[in-house]
Amino acid sequence: MAPWDLELLSHAFGVFTRLWLAHTPRLQEEAKPGARVDAESRYRQFVEHVSEEFSGGRRFLDDLSREVVANDAELDAIVENSNGSPEKGDKS
């Protein structure tokens, strides 16, 4: 795995964790035992699904666009011709 791939997956995991924590309410103590049982069942289903996809050759990174927006020379030219303001090139 390339360092970029690991960085991307780490960032995706961080974003997912933040969203999950922001949108998942805390459970009351009396609800926790039932939630643990349900969580174990759902986790087993998740692991089975990931295993099936992974063994079939499917990867998360395959879902992402691999299209190159610009090469290094093009990016350098954009930086050289920009003063940081979107209006610079606008002559209207």
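Bear in mind these aren't lab numbers, they're just calculated from the coordinates by the rules spelled out. Everything quoted here is computed from the prediction, not taken from an experiment. Ideal geometry is used to build each Cβ from the backbone, glycine not excepted, and the neighbour counts take in all protein chains shown.
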Taking trypsin sites (Lys or Arg not before Pro) in a DSSP loop with at most 10 other Cβ atoms within 10 angstrom as exposed, one finds the longest site-free stretch of the chain at 27-65
Just one of [x] 15.8; [y] 18.3; [z] 14.0 is Kirkwood radius over Cα pairs in Å calculated from these coordinates, so which is it? [y]
Global form of the range 32-81, assessed from the alpha-carbon gyration tensor, a/c cut-off 1.5: oblate
Counting helices only, and only those DSSP H runs with n ≥ 4, report the 222 nm mean residue ellipticity of the chain as the sum of -39,500 (n - 2.57) divided by its residues, in deg cm²/dmol to the nearest 500. -20000 deg cm²/dmol
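Counting other beta carbons within 10 Å of each residue's own, what order do Val69, Val37 fall into, fewest first? All intermediate terms of the calculation are to be shown ahead of the outcome.
On the way: Val69 7, Val37 10.
Arranged by neighbour count, lowest to highest, Val69, Val37 become Val69, Val37.
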Quick one: putting +1 on the C-beta of Lys and Arg, -1 on the C-beta of Asp and Glu, what dipole do you get for the chain around its Cα centre, in Debye to the nearest 20? 480
Mind listing the Cα extents of the range 1-46 along all three principal axes, in Å, largest one first? 45, 24, 11
Cα lying deepest toward the dipole's positive end in the chain, options Ala73, Leu6, Pro25, charges on Cβ: Pro25
When the chain is treated as a Gaussian network with springs between alpha carbons less than 10 Å apart, the largest mean-square fluctuation among Glu29, Glu48, Glu40 is found at Glu29
Considering the options Ser82, Ser55, Tyr43, tell which one lies farthest towards the positive end of the dipole of the range 1-83, charges being +1 on Lys and Arg and -1 on Asp and Glu at the Cβ, about the Cα centre. Tyr43
